[in-house]
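Structure first, then comments.
The values are calculated or read from the model by the stated rules, or taken from the named source; none is laboratory data. The model shown is predicted, which means the values in this text are computed figures rather than measured ones. Positions of Cβ are backbone-derived with ideal geometry, glycine not excepted, and every protein chain shown enters the neighbour counts.
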Amino acid sequence: IRARNSIKWTQTLSTVLLGLRSALRGDTNYTIAQMVYGLPFRLPGEFFEKSKSILDTDTFAKELQKQTELLKPLDTRRRPQKNFVHKDLHTCTHVFIPIDRVRKPLEPPYDGSLPVVKRHDCSSYFAVTIKGKDINCRQIKTSIFAVN
């Protein structure tokens with residue numbers, strides 16, 4: 001490294017260290033890497049092995065076409081997802097409703113426990129009336145009281 005008088009000797013250091021680890025030792029005919037790891041290092045020119053089977057262009061094209069025909073397109077349509085409604089939501093007496101504003105630090109995400117005044121039940125929409133407002137059941141959480 002010093003013989004080159006290179007100012008940026010750190011750029012050549014990795015190459016020198018790789019050469020030291022991959023050079024054969026005269027007395028054992030093994031490299032340091034083989035003695036430590038049991039396998040030789042792969043040098044920069046040895047990363048890819050050459051293919052042993054040589055295919056002609058026609059055979060390659062036929063194999064590629066055969067494999068391409070096996071590919072099936074993916075269905076990209078979105079399926080409607082059923083919304084989760086807790087089983088106790090149809091019978092509970094009190095619920096928590098979400099706070100629909102920017103919350104203060106350490107403020108809970110739900111307000112409650114508020115009494116359910118009225119239930120609206122349809123096949124696709126289920127809502128409850130709380131404080132005179134209809135609230136979709138996807139937004140509310142059931143309030144469960146501890147019994148002593």
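Condition (residue is in the same structural domain as residue 136 (by the TED database) and polar (S, T, N, Q)) applied to segment 91-105: is it met by at least one residue? Within segment 91-105, one or more residues are in the same structural domain as residue 136 (by the TED database) and polar (S, T, N, Q). Per the conditions (1) under 37 Å from the mean Cα position of the chain (by Cα); (2) modelled with pLDDT under 80; (3) not acidic (Asp, Glu); (4) not in a loop (DSSP other than H, G, I, E, B), the sole criterion not satisfied by residue 20 is (1). When each of 76, 68 is tested for being without any contact (Cβ under 8 Å) to a residue 60 or more places away in the chain and part of a helix (DSSP H, G or I), the lone residue that passes is 68.
The residues in segment 84-102 that are surrounded by 11 or more Cβ atoms within 10 Å (Cβ to Cβ) and under 30 Å from the mean Cα position of the chain (by Cα) can be counted, and the count is 3.
For residue 6, the conditions (1) at pLDDT below 80; (2) within 30 Å of residue 131 (Cβ to Cβ) are fulfilled apart from (2). Would segment 113-133 turn up any residue that is outside any loop (DSSP other than H, G, I, E, B), surrounded by 10 or more Cβ atoms within 10 Å (Cβ to Cβ), at pLDDT below 75 and touching a Leu at 6+ places or on another chain (Cβ under 7 Å)? Yes, segment 113-133 contains a residue that is outside any loop (DSSP other than H, G, I, E, B), surrounded by 10 or more Cβ atoms within 10 Å (Cβ to Cβ), at pLDDT below 75 and touching a Leu at 6+ places or on another chain (Cβ under 7 Å).
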